1. Between a first residue in the range 106-125 that is without any contact (Cβ under 8 Å) to a residue 40 or more places away in the chain and a second residue that is in a helix (DSSP H, G or I) and of a type outside the set (S, T, N, Q), which pairs have beta carbons less than 8 Å apart while being 6 or more apart in sequence or on different chains?
2. How many of the residues making up the range 55-90 are part of a loop (DSSP other than H, G, I, E, B) and among the hydrophobic types (A, V, I, L, M, F, W, C)?
3. State all residues of the range 1-50 that are basic (Lys, Arg) and either touching a Cys at 6+ places or on another chain (Cβ under 9 Å) or farther than 20 Å from Ala122 by Cα (or both); if no residue qualifies, say none.
4. Can you pull out every residue in the range 1-35 that is part of a strand (DSSP E or B) and either touching a Lys or Arg at 6+ places or on another chain (Cβ under 8 Å) or at positive phi (or both)?
5. Go through (1) exposed (fewer than 14 other Cβ atoms within 10 Å of the Cβ); (2) more than 14 Å from Ile7 (Cα to Cα) and name the single condition Gly79 misses.
6. Could you list, in sequence order, all residues of the range 26-43 that are under 14 Å from the mean Cα position of the chain (by Cα) and either farther than 17 Å from His58 by Cβ or of a type in the set (Gly, Ala, Ser) (or both)?
7. Residues in the range 40-76 that are crowded, with 17+ Cβ neighbours inside 10 Å and free of Cβ contacts under 8 Å to residues at least 12 places away in the same chain: how many?
8. Might you check whether a residue that is aliphatic (A, V, I, L, M), in contact with a Pro (Cβ under 7 Å, 6 or more places away or on another chain) and under 13 Å from Leu54 (Cβ atoms) occurs anywhere in the range 17-32?
Amino acid sequence: MENELSIVIVEEPCLSRNVLVKALGAWGYSCEITEDEDTAWKAALAASAPVLILADWHADFMGCDEFFWRVRSTQALQGVYLLGAVPRGAVGAIRQCISSGADDFVYRPYDLDEVRVRLHLASKIMGLTPGGGVFPD
């Protein structure tokens, strides 16, 4: 099953990112892996499908709050769905992530069931038609 949503991942290379990308492929999502905000920016602008950006909230290489603000301030990217990946137990991270323009958040390290639910809901919110239930039999 091919999904209508294109996912741009902004995260440093790590095992959890590799596991996530493999799962996304198995679920039918196309994704672009980026390791800096400029590459993510270009990927979002170039995408032909509706875009969801999944960004590591505490990445050392970028200010996620500034990046989210930049996306929200750009007319061409108004339809982008922003999903911040926040560390479990990071005090105030969820509030800061959402206040900076994220539509939703997901915890890191990733729980793949949680990620799948968030992506399904994002697709519905964006007006896409995700086929079947969240967890097909």
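1. Close Cβ pairs (under 8 Å, with a partner that is in a helix (DSSP H, G or I) and of a type outside the set (S, T, N, Q)) amount to Tyr107/Glu114.
2. Kept after step one, since they are part of a loop (DSSP other than H, G, I, E, B), are these residues of the range 55-90: 57-63, 73-74, 78-80, 88-90.
If we keep only those that are among the hydrophobic types (A, V, I, L, M, F, W, C) as well, we get 57, 59, 61-62, 80, 90.
Of the residues in that region, 6 qualify.
3. Lys42
4. Answer for the range 1-35, where residues must be part of a strand (DSSP E or B) and either touching a Lys or Arg at 6+ places or on another chain (Cβ under 8 Å) or at positive phi (or both): Ile9, Ile33.
5. Condition not satisfied by Gly79: (2).
6. The answer is Tyr29, Ser30, Cys31, Glu32, Ile33, Ala40, Trp41, Ala43.
7. Within the range 40-76, residues that are crowded, with 17+ Cβ neighbours inside 10 Å and free of Cβ contacts under 8 Å to residues at least 12 places away in the same chain number 0.
8. Keep residues of the range 17-32 that are aliphatic (A, V, I, L, M), which gives 19-21, 23-24, 26.
Within this subset, residues satisfying the condition of being in contact with a Pro (Cβ under 7 Å, 6 or more places away or on another chain) are none.
No; the residues of the range 17-32 include none that is aliphatic (A, V, I, L, M), in contact with a Pro (Cβ under 7 Å, 6 or more places away or on another chain) and under 13 Å from Leu54 (Cβ atoms).
Read-outs: derived from the displayed coordinates by stated rules, not from any lab. Just so you know, these numbers come straight off a predicted model, no measurement behind them. Backbone-built Cβ (ideal geometry, glycine too); neighbour counts: all protein chains shown.
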